[in-house]
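Presented below is the structure to which this report refers.
The values are calculated or read from the model by the stated rules, or taken from the named source; none is laboratory data. These numbers were taken from a predicted model, which means no experiment stands behind them. A quick note on method: Cβ atoms are made from the backbone with ideal geometry, for glycine too, and the neighbour counts reach across all protein chains shown.
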Amino acid sequence: MRKICLTVVGIYLMMINAYSQTSANDSSLYKPQKLKLDEVNIVSSYYNQTADKSAVMGGRTDSKGIGNVTDLANGIDIKFVSWDKKQRKNAFSAGLGIDYHTAASQAYIDTNGKARNNGMRIYPTFDWSIVNTKKGTEFGLGLYYSAEHNYYHSLGLNTSFSKKTKSNGEFGMKLIGYFDNIKMIKPSEFSTVDSSTTNSTPTDSVVYVTTASGRTTAIIYQNGQVVSKSRTGLPSKPRDTYTAEFSFDQVINTRMQASIVMDIVYQSGYLGLPFHRVYFNDGKDTVENLPSQRFKLPIGFRLNYFLGDNIILRGYYRFYIDNWGLKSHTASLEVPVKITPFFSLSPFYRYYVQTAVKYFAPYEAHTANEQYYTSNYALAAFSSHSFGLGIRLAPPNGVLMKSLSVLELRYAHYSQTTNLAADVISLNLKFR
Amino acid sequence: MLLTGTSVVSCAQVKEYQKSRINDSEMVLANRKVEKTEMSAQSYREGASGANGGKTGGGCGCN
């Protein structure tokens with residue numbers, strides 16, 4: 001009887017303690033977090049290319065068709081995060097990219113090869129996103145600007161939305177608009193010569209002269225006399241690009257996940273470049289002429305699989321088609337091998353093949369009665385191979401310092417059947 | 001699309017505590033930041049672009 005009483009008392013005391021626990025879902029203790037620095041990424045790359053049949057020289061295969069390029073690209077992205085009263089995560093990112101390049105073909109904008117052969121590109125970006133972890137949604141806005149090598153200026157805007165499903169999936173949609181202006185720097189033989197140095201003079205007009213150094217001057221004539229000269233005033237033409245991107249990610253099992261991405265792209269405006277020459281079969285040259293509209297439809301698939309304990313298979317395939325007649329296939333495989341949990345080596349290979357656009361023909365193969373024509377070998381039929389190796393270091397105590405959480409180094413060799421070959425080495429530093 | 005749809009139907013229910021491999025940084029379904037210059041060069045030297053998180057034709061003097 002005594003044992004039963006003690007047992008009953010013990011059970012009663014346990015029941016009292018059970019009801020004294022606080023609820024696990026009590027959010028009254030949650031406090032919003034102010035904006036703080038989350039991570040900084042620095043990416044630097046060196047690109048070196050050898051090629052011939054440059055578009056500036058209309059696809060010529062001799063020494064004047066040289067297409068050698070070097071590019072030094074540097075970029076930094078800084079990300080800040082904060083948590084608001086509704087437990088939503090706000091992320092703000094600011095980025096800046098600065099590229100410097102030399103391009104041998106650029107010198108042949110002047111027929112004697114004396115034009116400026118280098119340039120810079122500066123491109124800042126701003127992004128904001130808000131994540132609602134309770135609803136599994138994310139909404140974002142982005143702004144982009146690019147000033148490229150004095151001939152190309154672009155303003156970009158984007159908005160995005162994504163939502164997670166109950167079965168480890170995620171739908172996403174992104175709308176992007178690029179509004180570009182292309183300065184009409186034409187090959188020197190098509191630039192109006194300063195007539196004040198010749199016998200004949202124009203009446204009222206504006207004459208644009210591009211010097212061998214790449215500077216442009218607008219000379220204003222009135223009654224045949226030079227009224228003024230100014231450094232600006234070269235006409236430009238617009239190019240607009242609208243993209244609707246749809247994506248779906250899915251976790252398939254504990255080792256595999258996949259995604260599909262489809263872009264619907266519409267471009268309008270000046271879709272060529274003003275310093276790309278075309279040589280007709282009669283030996284005369286002109287500037288390439290391409291249609292003012294283009295529809296593109298790329299569809300990409302990714303499949304990642306964790307094989308065993310140390311190997312990951314990253315597969316990618318893309319099919320592309322557009323209304324200029326170009327079709328392409330892209331396939332790549334990257335195999336990160338975890339030598340240790342914090343050090344991996346990633347060999348990779350990429351294969352690409354495309355058909356030519358309807359308007360392409362090689363040097364001196366076009367006829368003057370064609371409506372559209374280009375000899376830009378980026379739009380020709382070719383295949384390419386790319387292979388290389390990546391190294392990734394991510395030790396828990398940082399690389400050399402605690403704040404440097406990840407270091408990635410990557411080398412790639414790229415070659416096309418058009419006789420173009422390139423090497424690129426890139427470095428990414430992530431600070432947290 | 002059909003392949004992905006079939007995969008969705010046959011997907012195993014993966015709990016959060018089972019996602020240690022899925023959440024590995026090298027299992028991310030996107031290009032690495034360190035590939036940025038390669039992708040940019042491809043958009044200039046090739047006629048196709050898009051469906052890879054990079055440019056689709058605007059914003060640069062690319063194709």
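Of everything listed in (1) farther than 30 Å from A:Val43 by Cα; (2) of a type in the set (D, E, K, R); (3) surrounded by fewer than 16 Cβ atoms within 10 Å (Cβ to Cβ), the single unmet condition for A:Glu364 is (3). Identify all residues within the stretch A:310-340 that are out of contact with any strand residue (DSSP E or B) (no Cβ under 8 Å at 6 or more places or on another chain) and of a type outside the set (Ser, Thr, Tyr); write none if there are none. Within the stretch A:310-340, just A:Gly325 meets the criteria.
Consider A:Leu404 carefully, then state whether it is within 10 Å of chain B (Cβ to nearest Cβ) and either in contact with a Gly (Cβ under 8 Å, 6 or more places away or on another chain) or closer than 21 Å to A:Leu271 by Cα (or both). Judged against the criteria, A:Leu404 is not a match. Considering A:Asp240, A:Asp249, the condition of being surrounded by fewer than 20 Cβ atoms within 10 Å (Cβ to Cβ), touching a residue at least 60 places away in the same chain (Cβ under 8 Å) and facing chain B (nearest Cβ under 9 Å) is satisfied by A:Asp240 alone.
Under the condition of being among the aromatic types (Phe, Trp, Tyr) and more than 8 Å from chain B (Cβ to nearest Cβ), the residues counted in the stretch A:288-323 number 4. Can you confirm whether A:Glu408 is at positive phi, touching a strand residue (DSSP E or B) at 6+ places or on another chain (Cβ under 8 Å) and surrounded by 17 or more Cβ atoms within 10 Å (Cβ to Cβ)? It is false that A:Glu408 is at positive phi, touching a strand residue (DSSP E or B) at 6+ places or on another chain (Cβ under 8 Å) and surrounded by 17 or more Cβ atoms within 10 Å (Cβ to Cβ).
The set of residues in the stretch A:82-138 that are among the hydroxyl-bearing types (Ser, Thr, Tyr) and under 26 Å from the mean Cα position of the chain (by Cα) comprises A:Ser93, A:Tyr100, A:Thr102, A:Ser105, A:Tyr123, A:Thr125, A:Ser129, A:Thr137. The residues in the stretch A:329-345 that are surrounded by fewer than 21 Cβ atoms within 10 Å (Cβ to Cβ), in a strand (DSSP E or B) and either facing another protein chain (nearest Cβ under 10 Å) or of a type outside the set (Phe, Trp, Tyr) (or both) can be counted, and the count is 9.
The condition of being modelled with pLDDT under 95 and either among the β-branched types (Val, Ile, Thr) or closer than 16 Å to A:Tyr351 by Cα (or both) holds for A:Val399.
Of all positions in the stretch A:363-382, none carries a residue that is part of a strand (DSSP E or B) and free of Cβ contacts under 8 Å to residues at least 24 places away in the same chain. Going by the structure shown, is A:Ala107 at pLDDT below 95 and either assigned to a loop (DSSP other than H, G, I, E, B) or crowded, with 17+ Cβ neighbours inside 10 Å (or both)? So A:Ala107 passes the test. The residue that is nearest to A:Asp110 (Cα to Cα), counting only those in the stretch A:173-186 that are at pLDDT 90 or above and within 11 Å of chain B (Cβ to nearest Cβ), is A:Ile182. Residues that are buried (at least 17 other Cβ atoms within 10 Å of the Cβ) and within 12 Å of chain B (Cβ to nearest Cβ) within the stretch A:131-159 comprise A:Gly142, A:Tyr144, A:Ser146, A:Glu148, A:His149, A:Tyr151, A:Tyr152, A:Ser154, A:Gly156, A:Asn158, listed in sequence order. Picking from residues in the stretch A:279-313 that are within 27 Å of the chain's Cα centre (by Cα) and among the polar types (S, T, N, Q), the one that is surrounded by the most Cβ atoms within 10 Å (Cβ to Cβ) is A:Asn304. Among the residues examined, A:Gly224 qualifies as surrounded by fewer than 17 Cβ atoms within 10 Å (Cβ to Cβ), modelled with pLDDT under 75 and not hydrophobic (A, V, I, L, M, F, W, C).
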